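Take a look at the structure below.
The values are calculated or read from the model by the stated rules, or taken from the named source; none is laboratory data. What you are looking at is a predicted structure, and each value in this text was computed from that prediction instead of being measured. Using ideal geometry, Cβ is built from the backbone for each residue, glycine included, and neighbour counts are taken over all protein chains shown. Remember, those area values only see protein heavy atoms, side chains included, never the ligands or the DNA or RNA. Shrake-Rupley method; radii C 1.70, N 1.55, O 1.52, S 1.80 Å.
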Amino acid sequence: MNLKLLRYCDVLRRMGFEFENPEAASREEALQRPNPMGEKSGKWIGFAPFSAHKGKTYPEPMSEELVGLLSGQYERIFIHSGGGSELEFAQRMEAKYENVTALNGKVDLSGELNLMSHLDCIVSMDSLAMHMASLTATPVVSVWGATHPSLGFLGWGCPPEG
């Protein structure tokens with residue numbers, strides 16, 4: 001059990017909230033979720049290069065290079081993004097590589113969680129996508145741009161090796 005999480009739980013209990021200690025999601029349970037992208041074949045990788053903070057966003061030229069490398073090695077790549085320039089990047093990658101899908105507008109938040117449960121891994125910044133993936137026990141490779149690991153935090157249940 002994550003000691004930091006237990007401390008948060010203890011604070012909430014002192015405030016009067018009653019609940020059991022949480023358990024991390026299990027991969028077996030997550031795989032029971034419906035797959036919004038149809039039957040899975042091969043390895044599927046998610047990529048979430050964006051963050052609300054510029055220092056935590058993976059640079060676009062490097063993101064484009066990584067999408068190219070991933071698309072050459074795995075069957076499907078899904079780009080998690082918001083709107084605006086993030087969506088433009090994701091759509092550009094989708095147009096360039098036949099096995100890349102820009103997710104914005106194709107699935108809602110619950111659909112994105114459902115998809116994450118079927119990914120083999122997600123490459124994410126210190127961001128929402130990392131925390132969403134932890135809810136589905138999806139392995140995460142987390143790139144910590146401007147956040148020093150001693151000052152940041154992993155998604156619940158994510159092993160520090162990622």
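Whenever you get a sec, compute what percent of the accessible area on the chain sits on carbon and sulfur atoms (1.4 Å probe).
56 percent
May I ask for the angle, rounded to the nearest 10°, between helix 3-14 and the longest principal axis of the chain, with both axes built from Cα atoms and the value confined to 0 to 90°? So the helix axis and the longest Cα principal axis differ by about 50 degrees. Compared with the dominant Cα axis of the chain, that is its longest principal axis, helix 84-96 is turned about 50°. Placing unit charges on the Cβ atoms only, positive for Lys and Arg and negative for Asp and Glu, gives the stretch 35-162 a dipole magnitude near 100 debye about its Cα centre.
Each principal axis of the Cα cloud of the chain was evaluated for its coordinate range; sorted largest first, these ranges are 53, 36, 28 Å.
Going highest first, how would you order 131-140, 50-59, 69-78 by mean Cβ packing within 10 Å?
Those peptides, ordered most packed to least, come out 131-140, 69-78, 50-59.
At 1.4 Å probe size, put Glu60, Glu94, Glu20 in order of accessible surface, largest to smallest. Spell out each step's value before the answer.
Details: Glu60 95, Glu94 55, Glu20 155 Å².
Descending order: Glu20, Glu60, Glu94.
I'd like to check one number: the per residue accessible area of the stretch 68-131, probe 1.4 Å, reported in Å² as a whole number. Write out the running numbers ahead of the final one.
Working: 2780 Å² over 64 residues.
Averaged over the residues of the stretch 68-131, the accessible area is 43 Å².
Evaluate the Kirkwood expression for the hydrodynamic radius of the stretch 41-120, namely the inverse of the mean inverse distance over all pairs of different C-alpha atoms, and round to one decimal in Å. Value: 12.7 Å, from the Cα pair sum.
For a straight C-alpha distance cut-off of 28 angstrom, the lysines reachable from Lys96 (same-chain residues fewer than eight places away being disregarded) are Lys40, Lys43, Lys54, Lys56, Lys106.
The angle between the Cα long axis of helix 60-73 and the main principal axis of the chain comes to about 80°, on a 0 to 90 degree scale.
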